Amino acid sequence: MGKSGYGVIAAVAEGSIAEREGVRPGDQIVSINGHVLRDVIDYRFYGAE
């Protein structure tokens, strides 16, 4: 998680769904399925849903 409390995308696989949908390195993950992320535990918990 970055200083802002959000996860930062480090890399995007070429040809992936993420690349096709416009996700780019440096983008921030601010929520998953409508759940705002406060820390890495939230990221792991909501990412597993």
- Tabulate in residue order the Karplus-calculated ³J(HN,Hα) for region 11-16, using 6.51 cos²θ - 1.76 cosθ + 1.60 with θ = phi - 60°, rounded to whole Hz; enter x for Gly and Pro. 7, 10, 5, 4, x, 7
- Would you mind checking the radius of gyration and Dmax of the chain based on alpha-carbon positions, in Å? 11.2, 30
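Values quoted throughout were computed directly from the atomic coordinates according to the rules given, and no laboratory measurement underlies them. Keep in mind it's a predicted model, so treat the numbers as computed, not measured.
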